[in-house]
Amino acid sequence: MTERVDLEAVKRIMASARSGKIQLKTLLSKEKPSPIAYHILEKYADIPELMAPRRVIMSNIERMKRSVESRKVKILCISCGEWLCEMRIRDLPERPVCEKCGIGLLAVLKRKENADRLRSTLKRRLRGEELSEEELRELSIARRKADLVLSYGKKAVIALQVKGVGPETAFRILGKMHIDDKEFYLDLLKAKIRFLRTRQYWDEKVPVAS
């Protein structure tokens, strides 16, 4: 385990430097921040994982990219309700469209989501049948995801596959219109880390008043 910097010791060193007892020399490091600075920043940063040296962050981004793009994803056409497919993300075109109707209004389904049930619910809605509140909620979420895919294509599919990234977070990230993939994946990594650090609070249930 890496030893943490003793802030009191740092203060004593700085006092000695001001009095002339010791000399300080500047160290130019290729890593940003430097090893000493990293441990100081880690204590106060909102997301300390992102204070790691750049090479570490880039390695995490590349690992996440490979993991996401190798996953299989289920996609349902919200426009016609007929086309349901499963394919690896890396094999998707930049602008995926329904093979039945040719429209890009495609909902990205979660792994545990029942695709056949959602498609059945969608078809009932398209026929004008009445749905329960829960069914309407599920369709609403699916539609928001489909709107993102329609607007941003494959990048929306990628964003929605990252843990902790729902339609709202994906919309904020995709709206930045990143010029390069590294910045895009860095924002996804930030969102994932924030989720992992705060999900214990989301999981807590508020007691019902008696």
* Hey, Val162 of a type in the set (Val, Ile, Thr), modelled with pLDDT of 90 or more and within 25 Å of Ser79 (Cβ to Cβ) or not -> no
Result of the Cβ filter at 7 Å on the stretch 111-128, keeping first residues that are more than 23 Å from Ile158 (Cα to Cα) and partners that are assigned to a loop (DSSP other than H, G, I, E, B) and of a type in the set (Gly, Ala, Ser), at least 6 apart or interchain, is Leu122/Gly81; Lys123/Gly81; Leu126/Gly81
| task | Check whether at least one residue in the stretch 134-151 is over 21 Å from Leu189 (Cα atoms), surrounded by 14 or more Cβ atoms within 10 Å (Cβ to Cβ), of a type in the set (Lys, Arg) and touching a residue at least 60 places away in the same chain (Cβ under 8 Å), and report yes or no. | result | yes
Going through the stretch 72-93 in order, the residues found to be touching a residue at least 24 places away in the same chain (Cβ under 8 Å) and either outside any loop (DSSP other than H, G, I, E, B) or under 19 Å from Asp187 (Cβ atoms) (or both) are Val73, Lys74, Ile75, Leu76, Cys77, Leu84, Ile89
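The values are calculated or read from the model by the stated rules, or taken from the named source; none is laboratory data. Since the structure is predicted, the reported quantities are computational estimates derived from the model, not experimental observations. Ideal geometry is used to build each Cβ from the backbone, glycine not excepted, and the neighbour counts take in all protein chains shown.
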